[in-house]
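Trainee: Okay, handing you the structure first.
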Amino acid sequence: MSLIDEIKNKIDILDVVQRYVKLKKIGKYYAGLCPFHKETKPSFYVSPEKQIFKCFGCGEGGNVISFLMKIENIDFKEAIEKLKVEYGLEVKPQTFKTNLKKYLEINYASLKFFKENLKNNKEALDYLLERGLTTETIKFFELGYSPGSTFLRDYLYSLGYSIEEMKKFGLLDEEGYDRFQGRIIFPLRNENGELIGFTGRIYPPRERAPKYLNTPETEFFKKSNFLYGLFYSRDYIEEKKEVIIVEGQMDFILSFENGLKNIVAVSGSSLTAEHLKKLKKYTNKLVLAFDNDEAGFKASLRAHLMAKELNFEVYRLVYPEKDLGDYFKKNKNLDALKKEIFLDWLLNELLNQKKTNYEVLNIFLPQIKLYELSVKDKFFNILSQKLKIKKELIMEEYLKIEKESVAIYYQPDEEFVFPQKLEDKLSLKIVSLIFSFPLNVPHEEFYGFLTQEYQIIYEQIKSQNLSEDIYQELDLMKNFYLQTKINPEKEFFKTLKELKKIFYKNKIEELKNSLKFCSFEECDKIIKEVDFYVKELKKLEKNA
């Protein structure tokens with residue numbers, strides 16, 4: 001465990017922030033006047049559960065280290081040293097072993113409770129069987145059920161565990177209730193088979209709750225380097241000399257049950273460099289099998305670039321359903337699954353989606369940055385032929401992209417990060433207002449103006465499929481809205497108007513840029529589109 005990990009795990013952000021800011025408890029959050037800008041009403045919030053702070057007035061936010069850097073005007077190293085000295089932190093291997101023993105012990109006791117409760121919950125058991133799992137699979141992967149309330153707490157207390165221990169190891173929430181309320185439980189075993197945590201899938205479904213909830217991050221469990229199923233699949237990965245990556249536990253279990261065993265799941269997190277470094281020990285060949293939706297497509301782009309940075313061979317698994325879990329529920333035929341070289345799959349996918357030439361280049365060209373010259377030249381020729389554009393124009397566009405940092409295309413987003421671009425900030429406000437209030441606004445009035453990332457989050461709100469991190473950030477914003485007593489409808493339409501202006505300006509710029517890559521027929525259509533957006537922008541500005 002590194003010193004930085006020890007700081008994040010052992011120092012409570014609340015303890016540090018309260019030295020500088022007077023805070024008042026509001027629900028599960030703490031609020032106060034922001035120390036970074038002048039204000040009369042509290043817009044500065046601290047989340048003990050997430051160990052972050054956020055100001056809705058000036059936009060500052062981060063963890064305990066970034067707070068100290070900002071408030072004391074010191075750099076990263078100075079902040080680390082200050083926290084280390086003040087809290088007397090050192091990495092102690094013996095303490096780690098002792099804590100791990102207790103951590104595993106309480107997790108095994110909890111697992112016994114969860115497994116027994118699944119046997120007694122016919123509805124949850126029937127749900128798993130309807131999804132395509134067999135009783136043997138349920139038993140093999142040790143699935144369980146948490147009824148919620150304080151049933152687990154009471155059971156563990158009867159075994160001699162303290163409330164403090166249960167809270168410390170992430171089995172209770174801030175209020176002392178069972179963390180996993182009404183959830184199907186997936187035990188999380190690391191590659192050595194140690195039970196380091198749990199994931200709970202909500203059942204039965206209910207509104208305003210994350211679909212999946214993980215054990216909080218501890219020194220033993222970190223989403224950014226944990227791969228679900230690696231304990232079961234590592235021998236198969238080494239044997240096949242390739243690994244298939246899916247998004248969730250159900251995708252993994254159904255695939256494994258049906259014979260696709262060289263597989264792992266990222267388990268409620270985006271794929272990270274830490275995940276890939278772990279897989280590198282077993283194979284150099286990566287097959288991406290993320291969901292067949294917009295979020296899965298974006299995740300594939302990020303994953304491909306990260307994997308190329310680490311010299312993986314990258315492929316894409318092609319199948320007809322939304323995800324591999326759905327595929328195996330309907331189709332047991334492994335031979336029907338196709339594996340394609342990632343770049344070949346991506347280009348075909350972009351052409352099949354009927355993207356404009358400019359859109360195709362904008363998405364595809366960054367993906368070849370880490371390849372050798374011969375591969376780049378091959379695709380310049382293919383693009384020229386497919387799009388009917390001069391190769392020189394494509395190369396010119398590529399050279400513009402090449403100057404940009406590769407990292408921007410694959411920043412991991414296992415944790416929700418407050419956006420920097422104005423259009424993203426406005427999109428976040430729109431979806432957070434929809435999340436927070438029963439606004440009766442037709443979908444078509446706003447959806448098309450949201451940036452792509454927030455369209456995905458809006459869809460997740462609708463389908464009750466929010467990740468734990470995004471849910472908690474939206475819940476934090478909801479709390480702020482309720483405390484400040486805003487008029488949600490007025491705020492919504494005011495924000496939408498600003499978002500529309502930016503959307504129209506961006507669209508006009510994008511269409512102008514695409515003119516040099518279009519055919520004669522396309523150019524005529526683009527000019528008409530530019531004219532339409534210019535008129536719409538003038539209408540908005542006239543009514544301002």
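Trainee: Those residues that are of a type outside the set (D, E, K, R) and within 21 Å of Leu387 (Cβ to Cβ), I need them from region 506-544; list them, please.
Mentor: Answer for region 506-544, where residues must be of a type outside the set (D, E, K, R) and within 21 Å of Leu387 (Cβ to Cβ): Leu511, Asn513, Ser514, Leu515, Phe517, Cys518, Ser519, Phe520, Cys523, Ile526, Ile527, Val530.
Trainee: Which of the residues spanning region 311-334 are touching a strand residue (DSSP E or B) at 6+ places or on another chain (Cβ under 9 Å) and either loosely packed, with under 14 Cβ neighbours inside 10 Å or not assigned by TED's automatic domain parsing to the domain that holds His275 (or both)?
Mentor: Answer for region 311-334, where residues must be touching a strand residue (DSSP E or B) at 6+ places or on another chain (Cβ under 9 Å) and either loosely packed, with under 14 Cβ neighbours inside 10 Å or not assigned by TED's automatic domain parsing to the domain that holds His275 (or both): there is none.
Trainee: With the structure loaded, tell me whether Tyr458 is of a type in the set (Phe, Trp, Tyr), in contact with a helix residue (DSSP H, G or I) (Cβ under 8 Å, 6 or more places away or on another chain) and either without any contact (Cβ under 8 Å) to a residue 60 or more places away in the chain or not assigned by TED's automatic domain parsing to the domain that holds Leu213 (or both) or whether it fails that test.
Mentor: Taking the combined requirement at face value, the residue satisfies it.
Trainee: How about region 154-258: which strands (runs of 3 or more DSSP E) wholly inside it have at least 1 residues that are β-branched (Val, Ile, Thr)?
Mentor: 183-189, 195-202, 243-246
Trainee: Okay, moving on. For region 441-517, which helices (runs of 4 or more DSSP H) that fit wholly inside it have 1 or more residues that are in contact with a strand residue (DSSP E or B) (Cβ under 6 Å, 6 or more places away or on another chain)?
Mentor: Output list reads 468-484.
Trainee: For region 335-362, which positions are crowded, with 17+ Cβ neighbours inside 10 Å and closer than 25 Å to Phe312 by Cβ?
Mentor: Leu337, Phe342, Leu343, Trp345, Leu346, Leu347, Glu349, Leu350, Val360, Leu361, Asn362
Trainee: For Leu133, indicate whether it is outside any helix (DSSP H, G or I) and modelled with pLDDT of 95 or more.
Mentor: yes
Trainee: Can you tell which of Lys241, Lys223, Lys285, Lys281 is surrounded by fewer than 17 Cβ atoms within 10 Å (Cβ to Cβ) and touching a strand residue (DSSP E or B) at 6+ places or on another chain (Cβ under 7 Å)?
Mentor: Lys241
Trainee: Regarding Lys421, is this residue in contact with a helix residue (DSSP H, G or I) (Cβ under 8 Å, 6 or more places away or on another chain) and either more than 22 Å from Leu213 (Cβ to Cβ) or crowded, with 21+ Cβ neighbours inside 10 Å (or both)?
Mentor: Criteria not met by Lys421.
Trainee: On to the next question. Which one is surrounded by the most Cβ atoms within 10 Å (Cβ to Cβ) among residues in region 46-90 that are out of contact with any Cys (no Cβ under 8 Å at 6 or more places or on another chain) and part of a strand (DSSP E or B)?
Mentor: Phe53
Trainee: While we're here: What number of residues within region 338-367 are out of contact with any helix residue (DSSP H, G or I) (no Cβ under 8 Å at 6 or more places or on another chain) and either within 30 Å of Leu129 (Cα to Cα) or of a type in the set (S, T, N, Q) (or both)?
Mentor: Looking only at that region, the number is 6.
Trainee: Could you go through region 271-283 and let me know if any residue there is outside any helix (DSSP H, G or I) and out of contact with any helix residue (DSSP H, G or I) (no Cβ under 6 Å at 6 or more places or on another chain).
Mentor: yes
Trainee: Could you tell me how many of the residues in region 224-274 are under 19 Å from Asn311 (Cα atoms), of a type outside the set (Val, Ile, Thr) and at pLDDT 95 or above?
Mentor: The qualifying residues number 4.
Trainee: For region 61-77, indicate whether the set of residues that are touching an Asp or Glu at 6+ places or on another chain (Cβ under 6 Å), among the aromatic types (Phe, Trp, Tyr) and within 27 Å of Lys425 (Cα to Cα) is non-empty.
Mentor: No: zero hits.
Trainee: Then there is this: If you take the residues of region 159-210 that are small (Gly, Ala, Ser) and within 20 Å of Phe226 (Cα to Cα), which of them is farthest from the chain's Cα centre (by Cα)?
Mentor: So, considering only residues that are small (Gly, Ala, Ser) and within 20 Å of Phe226 (Cα to Cα), the one farthest from the chain's Cα centre (by Cα) is Gly193.
Trainee: Sticking with this structure for a sec: Name the residue, out of Lys478, Lys485, that is under 30 Å from Lys24 (Cβ atoms) and out of contact with any helix residue (DSSP H, G or I) (no Cβ under 6 Å at 6 or more places or on another chain).
Mentor: Within the list Lys478, Lys485, the selection yields Lys485.
The values are calculated or read from the model by the stated rules, or taken from the named source; none is laboratory data. What you see is a predicted model, and the numbers here were worked out from it, not measured in a lab. All Cβ positions, even for glycine, are placed from backbone atoms using ideal geometry, and neighbour counts span all protein chains on display.
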